[in-house]
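Student: One structure is given below, represented as structure tokens, and several questions about it will come after.
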Amino acid sequence: MEQTNFQLKKQDTQSQEWSKRLHHATRATREDWIGRGISYLCIGVIILVVASMLWFITSKGIATFTQNHVSLWKFLSGTDWSPSQGKIGALPMIVGSFAVTFAAAIVATPFAVGTAIFMTEISPNKGRKFLQPVIELLVGIPSVVYGFIGLAVVVPFMRHLVGGSGFGIISATFVLFVMVLPTITSMTVDSLRAVPRYYKEASLALGATRWQTVSKVILRSATPGILTAVIFGMARAFGEALAVQMVIGNAAVMPKNLISAASTLTSQLTTGIGDTIDGTLPNNALWSLALILLLMSLFFNALVRVIAKRGQLKHER
Amino acid sequence: MNKGSKLAMGIAAISLLLVGCGKATSSTGSKESSAALSGKVTAVGSTALQPLAAKAGTNFTAKNTKVNLTVQGGGSGTGLSQVQAGAVSIGDSDIFAEEKDGIKADKLTDHKVAVVGMAPVVNKDSGVKNLKMAQLKQIFTGKITNWKEVGGKDEKIVIINRAQGSGTRATFENAVLKGADAVKSQEQDSNGAVQKIVSTTPGAISYLAFSYFTNKLQAVSIDNVTPTDNNVETNKWKIWSYEHMYTKGTPDKATTAFLKYMDSKTVQDSLVKDMGYISIHDMKVTKDAKGVVTQN
Amino acid sequence: MNAKRKDMIATVIIDLIVAIVVGILFFLLAYILIKGLPHVSWSFLTGATDSFDGSGGIGVQLFNSFYLLVLTMLISIPISLGAGIYLAEYAKDNWRTSLIRSAIEVLSSLPSVVVGLFGFLLFVVKFKIGFSVISGAIALTFFNLPLLTRNIEESLSAVPRSQREAGFSLGLSKWKTEVGIILPVALPGIVTGVVLSAGRVFGEAAALIYTAGQSAPVTNFADWNPMDAASPLNPFRPAETLAVHIWKMNTEGLASNAAALSAAASAVLIIAVLLFNLGARVLGSYLYRRVTASK
């Protein structure tokens with residue numbers, strides 16, 4: 001711009017320059033556009049991933065019903081899972097998944113809540129210094145390691161205790177119990193700590209014992225948080241694949257009792273997907289199982305939201 | 001600007017990566033020099049064949065250093081569908097392509113590379129060493145549930161089946177059940193797991209490839225025929241199958257050379273036998289996809 | 001005194017529960033370390049696995065685990081940084097933002113096996129890349145993104161508003177303020193989150209068995225050209241990781257000492273995860289001290 005020497009022209013360019021400056025974005029604004037662009041792009045990538053994941057798995061999962069014309073009801077209520085013969089009753093796996101999930105949650109919750117109470121109310125010092133790091137570490141232990149311990153310790157133990165092969169719902173429950181325990185505990189601790197101090201002080205000032213305070217005041221006001229913790233634990237248990245697959249025995253039959261071998265949605269998926277051909281009924285049926293997993297995780301997600309909303313209302317009131 | 005540009009570069013790198021991954025795979029295989037054999041061979045599929053293919057592959061690439069050969073598991077289904085889709089050069093399978101729904105077998109070329117014999121195995125506790133074929137069928141269809149019904153101990157039979165759709169199960173069901181439905185039971189998808197479970201669970205029965213027999217479990221004779229390689233070679237022992245390597249269309253030079261190597265005496269007479277398979281050269285009969293056996 | 005007695009009983013029960021929990025946890029760690037560590041040796045850590053029975057070392061798997069981790073982080077950190085900045089700075093409080101947040105939550109709650117199968121469908125079946133490091137890394141990215149994004153957003157939002165105002169008053173753009181002022185302050189939190197998520201990625205197996213594959217071809221560690229097929233850096237080779245190896249060994253391993261070997265591999269895995277956790281704490285507090293110049 002500065003190559004001119006004519007006065008007139010110089011003036012002209014100067015005014016041009018000014019108008020340019022006034023009409024065009026400053027460097028800062030342009031920077032901001034770029035920055036905005038980058039961050040929009042990144043969030044866009046994530047949204048794209050989620051959308052395509054939902055789309056792909058849904059379209060694959062419903063192919064069983066739209067292309068192979070299996071009735072949805074038969075799929076959900078049938079008990080005979082022999083995909084290679086065209087029989088795809090998924091109920092055994094659905095029942096198996098729910099059985100181990102609920103069993104693990106039922107066993108783990110009292111332990112988790114008890115530990116959390118200990119960490120926050122009984123001995124906060126030991127809790128923070130010693131239990132907290134241990135629990136955090138356990139959240140990080142890979143699931144295959146839990147599976148390995150299950151296979152090396154729990155299964156033989158069950159075999160001696162109740163006979164049979166040792167593989168089955170009870171072994172899976174035990175493994176999942178240990179897996180979800182740290183998750184539920186650490187989230188429960190958070191929700192207990194979030195209870196306002198004055199609740200506790202008021203209760204103690206009224207002459208309530210520690211247990212009365214804990215059970216009648218603290219646990220009650222932390223209930224939404226604890227429920228959320230349990231649901232998170234259940235979601236983890238429901239979606240866990242390898243650790244369960246290693247110890248449950250993978251029998252696609254309706255579980256008769258706690259010691260019988262069963263299978264879950266995830267365990268069928270991991271064993272079956274490599275043996276089926278893309279686009280055929282056995283393969284589509286497996287994708288339908290994956291779709292159930294997906295829908296269940298959406299359901300758990302929604303449940304957490306509902307509870308969070310309810311909890312908020314309660315506090316506001 | 002520093003951090004911003006780093007960020008931008010990172011994003012650019014990713015998009016490059018994402019674009020790059022679509023292309024790079026297809027380009028590697030095509031270059032061939034006339035002097036030394038070169039190229040890329042990928043064999044995917046059957047986990048039962050994987051060890052043999054991997055070992056043979058290592059020996060093959062030791063001689064043909066320019067060839068890049070990868071052997072992967074993933075299951076027979078994956079192998080067949082991947083070779084059908086043209087994604088890999090060789091699809092390893094435990095079963096005939098004709099037996100798998102969704103595979104157009106006429107588009108694929110079968111290369112039989114080994115034979116595997118399989119036999120029922122039971123926990124030593126059961127006290128059974130021989131079964132009639134009909135009894136075996138009744139056990140797996142759930143008609144016989146106690147070992148004492150077949151001359152063993154008074155003990156409940158625990159059936160450990162193999163995963164649905166697996167080659168091992170298909171072979172066993174073709175030879176033993178002949179169309180009858182197996183009773184639903186525990187399923188394990190690997191020889192290793194079956195070996196462990198049968199040897200530790202009282203009353204357990206399952207079936208294994210010969211090479212997985214150990215002294216901790218009892219291999220069962222059928223109609224007084226013992227499960228040996230010799231009996232498989234003459235088809236006196238009925239439960240056996242081929243290990244297949246499938247190719248699509250005309251395979252490239254490196255793949256052809258590898259398949260030839262698999263069929264050579266070096267592999268068939270030593271490696272195949274060392275690893276517990278039966279050599280394809282020793283077979284005195286041929287079985288086709290429909291299970292019809294003819295003398296050679 | 002009824003209430004007093006109840007209080008006592010409750011305390012005893014809770015103490016008992018804690019004792020059981022601690023007992024289980026210690027048994028877990030002790031079992032793995034005691035069973036596994038004696039088998040961990042230099043040759044185990046660097047040796048190759050026997051392709052027939054799965055015996056031998058875990059050298060290739062260990063390398064694969066780290067390589068996958070690095071690739072995953074290379075892909076996921078920039079994306080989640082951008083996404084985190086979006087959520088912390090640009091997102092308005094409206095239905096669109098809440099939809100985005102729900103999408104991220106959904107992604108984070110998906111079972112890893114579903115993520116893995118999606119990767120399998122997309123990369124192995126549709127794009128025909130095959131079981132490969134890159135497929136595995138992208139699958140892990142999917143599963144890492146929501147955690148990292150949320151962590152970054154939280155760390156950024158925790159920075160006091162006055163810091164932003166200081167930036168704006170200097171005439172800096174929002175973006176420059178974010179990248180030049182806020183990000184460095186938030187760095188300790190972000191780094192802690194990244195390292196913790198690295199621990200999770202390192203131990204993940206279900207998402208990998210059908211993406212990165214279940215075989216670890218022996219690679220030529222003298223060849224560092226990523227384009228060479230035999231190079232360990234080649235992103236298109238199949239790569240069984242340590243976690244997948246443990247799973248494989250337990251379900252298919254034939255080695256007579258499979259139990260001991262997988263205990264050893266588990267011990268290595270746990271120690272690695274432990275180091276990640278420890279590293280996260282140490283690095284986080286070190287950076288915090290550096291950035292805030294406080295003690």
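Student: Being in a helix (DSSP H, G or I), out of contact with any Ser or Thr (no Cβ under 9 Å at 6 or more places or on another chain), of a type in the set (A, V, I, L, M, F, W, C) and surrounded by fewer than 24 Cβ atoms within 10 Å (Cβ to Cβ) is true for just one of C:Val125, C:Val70, C:Val106. Which residue is that?
Tutor: From the options C:Val125, C:Val70, C:Val106, the qualifying one is C:Val70.
Student: Has the stretch A:86-96 got any residue that is in a helix (DSSP H, G or I), more than 8 Å from chain C (Cβ to nearest Cβ) and of a type in the set (Gly, Ala, Ser)?
Tutor: yes
Student: Could you list, in sequence order, the residues of the stretch A:186-208 that are buried (at least 16 other Cβ atoms within 10 Å of the Cβ) and among the hydrophobic types (A, V, I, L, M, F, W, C)?
Tutor: A:Met187, A:Val189, A:Leu192, A:Val195, A:Ala208
Student: While we're looking at this one, here's another question. Within the stretch A:57-84, restricting attention to residues that are among the hydroxyl-bearing types (Ser, Thr, Tyr) and closer than 20 Å to A:Asp275 by Cβ, which residue is surrounded by the most Cβ atoms within 10 Å (Cβ to Cβ)?
Tutor: A:Thr64
Student: Before we move on, is C:Gly203 farther than 22 Å from C:Ile270 by Cα and assigned by TED's automatic domain parsing to the domain that holds C:Ala280?
Tutor: no
Student: For the stretch A:232-280, give me each residue that is in contact with a Leu (Cβ under 7 Å, 6 or more places away or on another chain), crowded, with 24+ Cβ neighbours inside 10 Å, modelled with pLDDT under 85 and more than 9 Å from chain C (Cβ to nearest Cβ).
Tutor: A:Gly272, A:Thr276
Student: Of the numbered conditions (1) in contact with a Pro (Cβ under 6 Å, 6 or more places away or on another chain); (2) surrounded by fewer than 18 Cβ atoms within 10 Å (Cβ to Cβ), C:Asn234 fails exactly one; give the number of that condition.
Tutor: It is condition (2) that C:Asn234 fails.
Student: Hey, any hits in the stretch C:158-176 for a residue that's in the same structural domain as C:Leu233 (by TED's automatic domain parsing), part of a helix (DSSP H, G or I) and crowded, with 23+ Cβ neighbours inside 10 Å?
Tutor: Checked the stretch C:158-176: at least one residue is in the same structural domain as C:Leu233 (by TED's automatic domain parsing), part of a helix (DSSP H, G or I) and crowded, with 23+ Cβ neighbours inside 10 Å.
Student: Give me the pairs, please: first residue somewhere in the stretch B:131-143 and at positive phi, second residue anywhere and outside any loop (DSSP other than H, G, I, E, B), beta-carbon distance under 9 Å, and either six or more positions apart or on two chains.
Tutor: What qualifies is B:Gly142/B:Ile159.
Student: If I ask for residues that are acidic (Asp, Glu) and out of contact with any Lys or Arg (no Cβ under 9 Å at 6 or more places or on another chain), which ones from the stretch C:78-106 would you list?
Tutor: C:Asp93 - this is the single residue of the stretch C:78-106 that is acidic (Asp, Glu) and out of contact with any Lys or Arg (no Cβ under 9 Å at 6 or more places or on another chain).
Student: Continuing with this model, one more query. Tell me yes or no: at least one residue of the stretch C:245-254 is at pLDDT below 80, closer than 21 Å to C:Ser43 by Cβ and within 14 Å of chain B (Cβ to nearest Cβ).
Tutor: Yes: the stretch C:245-254 contains one or more residues that are at pLDDT below 80, closer than 21 Å to C:Ser43 by Cβ and within 14 Å of chain B (Cβ to nearest Cβ).
Student: Same structure again: Could you please give the count of residues in the stretch C:268-287 that are closer than 14 Å to C:Val191 by Cα and either crowded, with 18+ Cβ neighbours inside 10 Å or within 17 Å of the chain's Cα centre (by Cα) (or both)?
Tutor: Matching residues across the stretch C:268-287 total 8.
Student: Also: Hey, could you check the stretch A:205-231 for residues that are within 10 Å of another protein chain (Cβ to nearest Cβ) and among the small types (Gly, Ala, Ser) and say which is farthest from the chain's Cα centre (by Cα)?
Tutor: Applying the filter and picking the extreme gives A:Gly207.
Student: Go through the stretch B:47-106 and report how many residues are surrounded by fewer than 24 Cβ atoms within 10 Å (Cβ to Cβ), assigned to a loop (DSSP other than H, G, I, E, B) and more than 14 Å from chain A (Cβ to nearest Cβ).
Tutor: Number satisfying all stated conditions: 3.
Student: Specify the residue that is surrounded by the most Cβ atoms within 10 Å (Cβ to Cβ); the eligible residues are those in the stretch C:88-98 that are more than 7 Å from chain A (Cβ to nearest Cβ) and within 23 Å of C:Ala186 (Cα to Cα).
Tutor: Among residues in the stretch C:88-98 that are more than 7 Å from chain A (Cβ to nearest Cβ) and within 23 Å of C:Ala186 (Cα to Cα), the one surrounded by the most Cβ atoms within 10 Å (Cβ to Cβ) is C:Ala88.
Student: State the number of residues belonging to the stretch A:123-148 that are part of a helix (DSSP H, G or I), more than 22 Å from the chain's Cα centre (by Cα) and surrounded by fewer than 20 Cβ atoms within 10 Å (Cβ to Cβ).
Tutor: 6
Student: Kindly evaluate C:Gly84 against the criterion of being in contact with a Ser or Thr (Cβ under 8 Å, 6 or more places away or on another chain), of a type in the set (Gly, Ala, Ser) and more than 10 Å from chain A (Cβ to nearest Cβ).
Tutor: When the stated conditions are applied, C:Gly84 does not pass them.
Student: Could you say whether any residue in the stretch B:197-208 is under 23 Å from A:Gly274 (Cα atoms) and within 13 Å of chain A (Cβ to nearest Cβ)?
Tutor: yes
Student: I've got another one for you. Report whether or not C:Pro217 is within 10 Å of another protein chain (Cβ to nearest Cβ), crowded, with 22+ Cβ neighbours inside 10 Å and in a loop (DSSP other than H, G, I, E, B).
Tutor: So C:Pro217 fits the description; yes.
Student: Moving to a separate point now. Return a yes/no flag: does the stretch B:251-266 have any residue that is over 30 Å from B:Thr65 (Cβ atoms), of a type in the set (Phe, Trp, Tyr), modelled with pLDDT of 90 or more and surrounded by 14 or more Cβ atoms within 10 Å (Cβ to Cβ).
Tutor: No, the stretch B:251-266 contains no residue that is over 30 Å from B:Thr65 (Cβ atoms), of a type in the set (Phe, Trp, Tyr), modelled with pLDDT of 90 or more and surrounded by 14 or more Cβ atoms within 10 Å (Cβ to Cβ).
Student: Considering only residues that are touching an Asp or Glu at 6+ places or on another chain (Cβ under 8 Å) and under 24 Å from A:Ile248 (Cα atoms), which ones fall in the stretch B:168-183?
Tutor: B:Thr168, B:Ala170, B:Ala182
Student: Could you check A:Trp211 against (1) of a type in the set (Phe, Trp, Tyr); (2) at pLDDT below 90; (3) buried (at least 23 other Cβ atoms within 10 Å of the Cβ) and say which number it fails?
Tutor: Looking at each condition in turn, A:Trp211 falls short on (3).
Student: Another question, if that's okay. Within the stretch C:99-118, is even one residue hydrophobic (A, V, I, L, M, F, W, C) and either more than 10 Å from chain A (Cβ to nearest Cβ) or touching a Cys at 6+ places or on another chain (Cβ under 6 Å) (or both)?
Tutor: no
Student: Right, here's the next one. Sort out which residues of the stretch B:184-222 are within 22 Å of the chain's Cα centre (by Cα) and charged (D, E, K, R), and write them in order of number.
Tutor: B:Glu187, B:Asp189, B:Lys196, listed by residue number.
Student: For the stretch A:59-97, how many residues meet the condition of being out of contact with any Phe, Trp or Tyr (no Cβ under 9 Å at 6 or more places or on another chain) and of a type in the set (Val, Ile, Thr)?
Tutor: 5
Student: Further question: If the Cβ limit is 6 Å and pairs must be 6+ apart or interchain, which residue in the stretch B:47-60 that is among the β-branched types (Val, Ile, Thr) pairs with which residue that is part of a helix (DSSP H, G or I)?
Tutor: none
Student: Do we have C:Pro146 as within 11 Å of another protein chain (Cβ to nearest Cβ), in a loop (DSSP other than H, G, I, E, B) and in contact with a Ser or Thr (Cβ under 7 Å, 6 or more places away or on another chain) here?
Tutor: Answer is no for this residue.
The values are calculated or read from the model by the stated rules, or taken from the named source; none is laboratory data. Since the structure is predicted, the reported quantities are computational estimates derived from the model, not experimental observations. Glycine also receives a Cβ, built like all others from the backbone with ideal geometry; neighbour counts cover every protein chain displayed.
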